[in-house]
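Following: one structure in C-alpha coordinates, then a few remarks.
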Amino acid sequence: QLQASGGGLVQAGGSLRLSCAASGSIFSIDYMGWYRQAPGKQRELVAGITSGGNTNYGDSVKGRFTTARDNAKNMVYLQMNSLKPEDTALYYCNIITRFRENYWGQGTLVTVSS
(Lines give C-alpha, C1' and ligand atoms only; values in the text may rest on other atoms or scores of the structure.)
Protein backbone atom coordinates (compact mmCIF):
# COMPACT_ATOMS: atom_id res chain seq x y z
CA GLN A 1 0.00 0.00 0.00
CA LEU A 2 3.07 2.22 0.27
CA GLN A 3 5.60 2.23 -2.54
CA ALA A 4 8.93 3.96 -1.96
CA SER A 5 11.36 4.70 -4.77
CA GLY A 6 14.39 6.78 -5.59
CA GLY A 7 17.12 5.00 -3.68
CA GLY A 8 20.45 4.18 -5.22
CA LEU A 9 24.19 4.60 -5.09
CA VAL A 10 25.61 8.10 -4.85
CA GLN A 11 28.96 9.62 -3.98
CA ALA A 12 29.45 11.60 -0.81
CA GLY A 13 28.27 15.16 -1.31
CA GLY A 14 25.68 14.12 -3.83
CA SER A 15 21.90 14.24 -3.75
CA LEU A 16 18.98 11.87 -4.04
CA ARG A 17 15.24 12.34 -3.96
CA LEU A 18 13.03 9.66 -2.48
CA SER A 19 9.35 9.37 -3.23
CA CYS A 20 6.63 7.40 -1.52
CA ALA A 21 3.18 6.84 -2.96
CA ALA A 22 0.25 5.74 -0.85
CA SER A 23 -2.40 3.64 -2.54
CA GLY A 24 -5.90 4.93 -2.98
CA SER A 25 -7.13 2.59 -0.27
CA ILE A 26 -5.50 4.74 2.42
CA PHE A 27 -7.70 7.62 3.52
CA SER A 28 -7.46 10.55 5.88
CA ILE A 29 -3.69 10.66 5.94
CA ASP A 30 -2.38 12.69 8.84
CA TYR A 31 1.35 12.23 9.38
CA MET A 32 3.81 11.19 6.67
CA GLY A 33 7.34 10.33 7.65
CA TRP A 34 10.66 8.83 6.67
CA TYR A 35 12.73 6.50 8.82
CA ARG A 36 15.97 4.71 8.13
CA GLN A 37 17.80 1.68 9.42
CA ALA A 38 21.47 1.03 8.89
CA PRO A 39 23.00 -2.43 9.40
CA GLY A 40 23.32 -3.23 13.08
CA LYS A 41 21.46 -0.09 14.14
CA GLN A 42 17.96 0.71 15.27
CA ARG A 43 15.45 2.36 13.01
CA GLU A 44 15.53 6.13 13.44
CA LEU A 45 13.41 9.07 12.40
CA VAL A 46 14.71 11.00 9.42
CA ALA A 47 11.89 13.44 8.73
CA GLY A 48 8.17 13.86 9.13
CA ILE A 49 5.43 16.19 7.99
CA THR A 50 1.94 16.68 9.34
CA SER A 51 -1.20 17.35 7.37
CA GLY A 52 -0.79 20.99 8.30
CA GLY A 53 2.69 21.13 6.82
CA ASN A 54 4.68 21.16 10.04
CA THR A 55 7.96 19.31 9.69
CA ASN A 56 10.43 17.68 12.02
CA TYR A 57 13.86 16.23 11.31
CA GLY A 58 16.38 13.96 12.94
CA ASP A 59 19.35 15.88 14.30
CA SER A 60 21.79 14.20 11.93
CA VAL A 61 19.97 15.38 8.80
CA LYS A 62 18.86 18.89 9.76
CA GLY A 63 19.91 21.41 7.16
CA ARG A 64 20.62 18.72 4.56
CA PHE A 65 17.32 16.90 4.07
CA THR A 66 13.91 18.34 3.25
CA THR A 67 10.55 16.59 3.25
CA ALA A 68 7.43 17.65 1.41
CA ARG A 69 4.07 16.16 0.59
CA ASP A 70 1.49 16.32 -2.16
CA ASN A 71 -1.88 15.66 -0.56
CA ALA A 72 -3.70 15.47 -3.88
CA LYS A 73 -1.44 12.63 -4.99
CA ASN A 74 -1.02 10.99 -1.57
CA MET A 75 2.73 11.29 -1.93
CA VAL A 76 5.60 12.26 0.31
CA TYR A 77 9.11 13.17 -0.77
CA LEU A 78 12.52 13.34 0.82
CA GLN A 79 15.15 15.53 -0.81
CA MET A 80 18.57 14.51 0.46
CA ASN A 81 21.51 16.82 -0.18
CA SER A 82 25.13 16.76 0.94
CA LEU A 83 24.90 13.04 1.50
CA LYS A 84 27.44 11.36 3.75
CA PRO A 85 28.53 7.72 3.99
CA GLU A 86 26.77 7.54 7.36
CA ASP A 87 23.47 8.22 5.57
CA THR A 88 23.73 4.75 4.05
CA ALA A 89 20.64 2.80 5.13
CA LEU A 90 17.32 1.36 4.13
CA TYR A 91 14.84 4.22 4.04
CA TYR A 92 11.22 3.54 4.91
CA CYS A 93 8.19 5.73 4.47
CA ASN A 94 5.51 5.74 7.15
CA ILE A 95 1.96 7.00 7.16
CA ILE A 96 -0.39 7.48 10.07
CA THR A 97 -4.01 8.25 9.39
CA ARG A 98 -6.40 10.29 11.47
CA PHE A 99 -7.79 6.97 12.68
CA ARG A 100 -4.28 6.07 13.94
CA GLU A 101 -3.77 3.39 11.30
CA ASN A 102 -0.05 2.89 10.74
CA TYR A 103 1.41 1.90 7.37
CA TRP A 104 5.01 1.16 6.37
CA GLY A 105 6.61 0.98 2.95
CA GLN A 106 8.98 -1.79 1.89
CA GLY A 107 12.15 0.29 2.12
CA THR A 108 14.44 1.70 -0.50
CA LEU A 109 18.22 1.36 -0.21
CA VAL A 110 20.45 4.42 -0.18
CA THR A 111 24.18 3.81 -0.42
CA VAL A 112 26.63 6.69 -0.14
CA SER A 113 30.20 5.98 -1.15
CA SER A 114 33.15 7.92 0.24
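Quick notes on this structure:
- The stretch 44-100, relative contact order [Cα under 8 Å, separation at least 6], %: 23 percent
- Cβ-placed point charges (K, R +1; D, E -1), dipole of the chain about Cα centre in debye, nearest 20: 40 debye
- Taking only Cα atoms of the stretch 1-64, radius of gyration then Dmax in Å: 13.5, 38
- Other residues lying with their Cβ under 11 Å from the Cβ of residue 48 contribute a combined charge of 0, Lys and Arg counting +1, Asp and Glu -1.
- Enclosed volume per residue, in Å³, of the convex hull spanned by Cα atoms of the stretch 67-114: 88 Å³
- Sparsely packed loop sites in the stretch 1-91 (the trypsin sites (Lys or Arg not before Pro) outside DSSP H, G, I, E and B with at most 15 other Cβ atoms within 10 Å) comprise 41, 43, 62, 64, 73.
- Solvent exposure of the chain amounts to 52 Å² per residue of accessible area, where only protein heavy atoms count and the probe is 1.4 Å.
- Of the GluC sites (Glu not before Pro) in the stretch 42-114, those whose Cβ has at most 14 other Cβ within 10 Å and which sit in DSSP loop: 101
- Radius of gyration (Cα atoms) of the chain, expressed as a multiple of 2.2 N^0.38 Å: 1.00.
- Extension gain, residue 100 back to residue 55 (0.36 nm per residue minus Cα-Cα distance, nm): 14.3 nm
- Taking a sphere under 13 Å around the Cβ of residue 94 and counting the other residues whose Cβ falls inside, with K and R at +1 and D and E at -1, yields a net charge of +1.
The values are calculated or read from the model by the stated rules, or taken from the named source; none is laboratory data. None of the values given here were measured: they were computed from a predicted structure. Positions of Cβ are generated from backbone atoms using ideal geometry, with glycine treated the same way; all protein chains shown enter the neighbour counts. To get the accessible areas, we keep the full protein, side chains included, count just its heavy atoms, and leave off ligands, DNA and RNA. Shrake-Rupley method; radii C 1.70, N 1.55, O 1.52, S 1.80 Å.
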